[in-house]
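One structure, pasted below without further comment.
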Amino acid sequence: MPLETLLAWIPPGSPDEALARQVDGERLPVHIAIIMDGNGRWAARRHLPRVEGHRAGIDSVRDTVETAARLGIGVLTLWAFSVDNWKRPRGEVNTLMRLLKRYLRLELGTLMTHNIRFRVIGRADELASDVQRELSAAEARTAGNTGMLFNIALNYGGRAEIIEAVRRAMAAGVTPESLDEQRFSEFLYTAGQPDPDLLIRTSGEMRLSNFLLWQIAYSEIWVTDTFWPDFRRRHLLEAILAFQKRDRRYGGIKAPAAVALGVK
Ligand code: FPP
């Protein structure tokens, strides 16, 4: 059914339709996380200020969120601002925050239409109060939605998240003996969510850059040279198709080999 919902939105006979029809609706990644990268380079290629790359990147966010929701993806996590991004010029940081607020205001309707629940992960309490208000309003408004969970990682750092989780676990009285991976994950920002099955990074960089360090332990990674502002439905479908060709073993052995060895 979700594949039908996606197909209803794609022009018939288009290359995107051909891609969508190849997707196996039974083997979708439950959680897709994306490192949106290359906005600055996209702008530089066009002799535009960097912020124009961020502005153009909003269309990619819109397209990606709607594609993922229509496809029936369970969780989509987009990294919009890292704990290190404060080092950027103040004007760029301010523009990013303004774009974020505008996105939320303009797209709330779409989030509601597609039954999307919006959540912030990261140190949101360190953001400006007007941004926090906007984020909280969007979280509250979409809290009752039951479709895709859309996490936006803001003022996010993977190591910072792990340190915070350790502190929270200690404060909750968790003893070393009672701590295991499952218990620890309950103190992360993503508590209760499945780990990403697929991590996408745009702009060709082969780095994790401190993103979801704990959660991506077993994620499949797909990197495209495409800069984020050019990323569209087609690229998301390509990533999913590549994911569906992967052989996930979680440290075990290939299924056919297991059969040959008589492993049950
Ligand atoms: C990386 O490109 C991108 C970012 C730091 C910000 C991403 C933000 C957006 C797409 C807009 C706001 C998001 C939402 C969800 C409304 P870069 O600037 O590091 O590019 P470069 O590596 O080419 O310099």
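The values are calculated or read from the model by the stated rules, or taken from the named source; none is laboratory data. Please read all numbers here as calculations on a predicted model, not as lab measurements. Positions of Cβ are backbone-derived with ideal geometry, glycine not excepted, and every protein chain shown enters the neighbour counts. These accessible areas exclude ligands, DNA and RNA; they are computed on the full protein's heavy atoms, side chains included. Shrake-Rupley method; radii C 1.70, N 1.55, O 1.52, S 1.80 Å.
Count, please, the residues in the range 1-44 that happen to be among the charged types (D, E, K, R) and without any contact (Cβ under 8 Å) to a residue 60 or more places away in the chain.
Final tally of qualifying residues: 4.
Considering the range 54-113 alone, what residues qualify as being crowded, with 20+ Cβ neighbours inside 10 Å and among the basic types (Lys, Arg)?
Arg70
Yes/no per residue for (1) in contact with a Cys (Cβ under 7 Å, 6 or more places away or on another chain); (2) under 25 Å from Ala140 (Cβ atoms); (3) of a type outside the set (Lys, Arg):
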{"position": "Glu4", "(1), (2), (3)": "no, no, yes"}
{"position": "Ser14", "(1), (2), (3)": "no, no, yes"}
{"position": "Arg41", "(1), (2), (3)": "no, no, no"}
{"position": "Arg45", "(1), (2), (3)": "no, no, no"}
{"position": "His54", "(1), (2), (3)": "no, no, yes"}
{"position": "Glu66", "(1), (2), (3)": "no, yes, yes"}
{"position": "Gly109", "(1), (2), (3)": "no, yes, yes"}
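May I ask you to verify whether Arg159 is under 20 Å from Gln215 (Cα atoms) and part of a helix (DSSP H, G or I)? Walk me through how you get there before you give the answer.
Numbers: under 20 Å from Gln215 (Cα atoms): yes; part of a helix (DSSP H, G or I): yes.
Criteria met by Arg159.
Okay, next question. Report, by residue number, each residue of the range 190-235 that is under 15 Å from Thr77 (Cα atoms) and not in a loop (DSSP other than H, G, I, E, B).
Those that are under 15 Å from Thr77 (Cα atoms) and not in a loop (DSSP other than H, G, I, E, B): Leu198, Leu199, Ile200, Arg201, Glu220, Ile221, Trp222, Trp228.
Among the residues of the range 106-122, write down those that are charged (D, E, K, R) and closer than 13 Å to Trp79 by Cα.
Once the filter is applied, which keeps residues that are charged (D, E, K, R) and closer than 13 Å to Trp79 by Cα, the range 106-122 yields only Arg119.
Ser136 is checked against (1) among the hydroxyl-bearing types (Ser, Thr, Tyr); (2) assigned to a helix (DSSP H, G or I); (3) surrounded by 13 or more Cβ atoms within 10 Å (Cβ to Cβ) and fails just one. What number does that condition carry?
(3)
Hey, another quick one. Within the range 142-169, can you find the residues that are within 14 Å of Phe118 (Cβ to Cβ) and either loosely packed, with under 15 Cβ neighbours inside 10 Å or β-branched (Val, Ile, Thr) (or both)?
Thr142, Ala143, Gly144, Thr146, Ile152
From the set of residues in the range 127-145 that are within 15 Å of the ligand (Cβ to nearest atom), among the aliphatic types (A, V, I, L, M) and touching a Phe, Trp or Tyr at 6+ places or on another chain (Cβ under 9 Å), which is farthest from Ala33 (Cα to Cα)?
My answer is Leu127.
Let me ask you something else. Pairs, please: C-beta under 7 Å, at least 6 apart or cross-chain, first residue open to solvent by 10 Å² or more (accessible area, probe 1.4 Å) and in the range 198-211, second part of a strand (DSSP E or B) and within 10 Å of the ligand (Cβ to nearest atom)?
Close Cβ pairs (under 7 Å, with a partner that is part of a strand (DSSP E or B) and within 10 Å of the ligand (Cβ to nearest atom)) amount to Arg201/Ile35; Ser209/Ile35; Asn210/Ser82.
Cβ-Cβ below 7 Å, separation at least six or inter-chain, first residue in the range 170-193 and touching a residue at least 60 places away in the same chain (Cβ under 8 Å), second of a type outside the set (Lys, Arg): which pairs?
Taking only residues 6 or more apart or on different chains, the pairs are Tyr189/Ile121; Tyr189/Gly122; Tyr189/Glu161; Thr190/Ile121; Thr190/Gln215; Gln193/His31; Gln193/Val75; Gln193/Leu149.
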